[in-house]
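**Student:** Quick one: this structure, given as structure tokens, is what I'll be asking you about.
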Amino acid sequence: MNGIKAAFFDVGGVLLESAYWRKADRQLDLALKESFPNLDFRKLHETWAEKWSRRNRAASVEGFETMRNMAEKSLYESLVSLGCIPTKARVRRALDAWYAAAERNAKAMPGAKRALKRLKSLGYRTGIITNADWNVVIPHLRRAGLLGLIDYKIVSSRLRSYKPDQRLFKEALRVSKLRPEEVVFVGDSVEFDFEPAREVGMAPLLFKRGKNRGNAGFEELLELLNAEGSGKRRRRARTANGRPPHCIGNPSPLSSGNGICGADAKCRV
């Protein structure tokens, strides 16, 4: 990884925790409970996640749609499929409560702030490449105390396209004026992060999340960039046990690429 000058990151499940969205889920449940007191909210969230994920993948092929629009349509469809008769206004109010609660509780992933500060102090540039709405992810990063540590912000709603579209990764190279081999990208999805970053020539790393095996955390990133040492010597990631180059461990099949961890996750930020 000689000559790395910048580190770009996915946001949800990498720089930002996903747990605070569960608090937002509870606020959404409260907002809907008055109208639908007998609703199985566990089933609602399972159905919503499935429909949202399906819509998100379709948007990459059929045409761009904001995360907020996908959230609203998939939540409405989920309620109808569970026997409810919602109004669009009720769905919008519930989502307003959901997004507001998420922003209030947005929290950085443990180690994220320290890693960004360390990288900046050593002269590395930083950025994000994320599937998100600008008016959601930017306030969340600000609330978590990370926004001022990020130089470049590549957000899908601004480019009207979603990862794994390589345009987002190429835009990161354009705005940073760096060559692909000068950039490392840290994400939590093989399909949405690792592969497109590798295909444009970046050095991709898969992020360690919870008990998912074989992923790189912030400490591994700092070690690879030799951020704990003089900052002059770069260590080259090796291929071991059939693992892809620059991947510490095995790519995890549990990553959704939708901004928040897990194959059943909704596309939140």
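**Student:** Sequence-distant or interchain residues sharing an amide H contact under 5 Å with Phe9, placed H: which?
**Tutor:** It is Gly127, Ile128, Ile129, Val186, by chain and number.
**Student:** By counting other Cβ atoms within 10 Å of each Cβ, how are Ile138, Ile129 ranked from fewest to most? Mind dumping the intermediate values first?
**Tutor:** Numbers: Ile138 17, Ile129 28.
Ordered by Cβ neighbours within 10 Å, fewest first: Ile138, Ile129.
**Student:** To continue, here is another question. At q = 0.24 Å⁻¹, what is the base-10 log of I(q)/I(0) for the stretch 101-187 according to the Debye formula with one equal point scatterer per Cα and no solvent? Please give it to two decimals.
**Tutor:** -1.32
**Student:** Here is a further query. May I ask you to derive the relative contact order of the stretch 102-191, considering only C-alpha pairs under 8 Å and at least 6 residues apart, and to give it as an integer percent? Spell out each step's value before the answer.
**Tutor:** Values: 93 pairs, mean separation 25.0, N = 90.
Worked out over the stretch 102-191, it gives 28 percent.
**Student:** Would you be so kind as to identify which of Ala24, Ala58, Gly83 lies farthest towards the positive end of the dipole of the stretch 20-105, taking Lys and Arg as +1 and Asp and Glu as -1 on Cβ and the Cα centre as origin?
**Tutor:** Ala24
**Student:** I would also like to ask the following. For the stretch 1-61, report the translational diffusion coefficient in µm²/s to the nearest whole number, using Stokes-Einstein at 10 °C, 1.306 mPa s, and a Kirkwood Rh over Cα pairs. Don't skip to the end; give the middle numbers.
**Tutor:** Values: Rh = 14.7 Å.
Calculated translational D: 108 µm²/s.
**Student:** May I pose another question? Quick check on the exposure proxy: order His45, His140 from fewest to most C-beta atoms within 10 angstrom. Don't skip to the end; give the middle numbers.
**Tutor:** Values: His45 18, His140 25.
Lowest count first: His45, His140.
**Student:** Each label point is 7 Å from the Cα along the Cα-to-Cβ direction; what then is the distance between the points at Leu30 and Arg174, in nm?
**Tutor:** The answer from the label model is 4.4 nm.
**Student:** Given +1 on the Cβ of Lys and Arg, -1 on the Cβ of Asp and Glu, and no further charges, what dipole in debye does the stretch 20-105 carry about its Cα centre, rounded to the nearest 20?
**Tutor:** Numbers: 17 positive and 12 negative charges, 22 e Å.
That gives a dipole near 100 debye.
**Student:** Of Lys33/Lys88; Lys5/Lys170; Lys120/Lys153; Lys117/Lys170, which sit over 19 Å apart, Cα to Cα?
**Tutor:** Distance filter (> 19 Å) returns Lys117/Lys170.
**Student:** Could you list Phe64, Phe41, Phe8 so that the one with the fewest beta carbons within 10 Å of its beta carbon is first and the one with the most is last? Let's see the in-between values first.
**Tutor:** Working: Phe64 14, Phe41 17, Phe8 28.
Least crowded to most crowded, the residues run Phe64, Phe41, Phe8.
**Student:** So for the stretch 20-105, averaging the separation of alpha carbon pairs under 8 Å that are six or more residues apart and normalising by length, what relative contact order in percent results?
**Tutor:** 51 percent
**Student:** With an 8 Å Cα cut-off and a minimum separation of 6 or more residues, compute the relative contact order for the stretch 91-152 in percent. Working shown, then result.
**Tutor:** Values: 44 pairs, mean separation 28.1, N = 62.
Here the relative contact order equals 45 percent.
Every number in this text was worked out from the coordinates using simple rules, so none of it is lab data. What you see is a predicted model, and the numbers here were worked out from it, not measured in a lab. Virtual Cβ from ideal backbone geometry, glycine too; neighbours counted across all protein chains shown.
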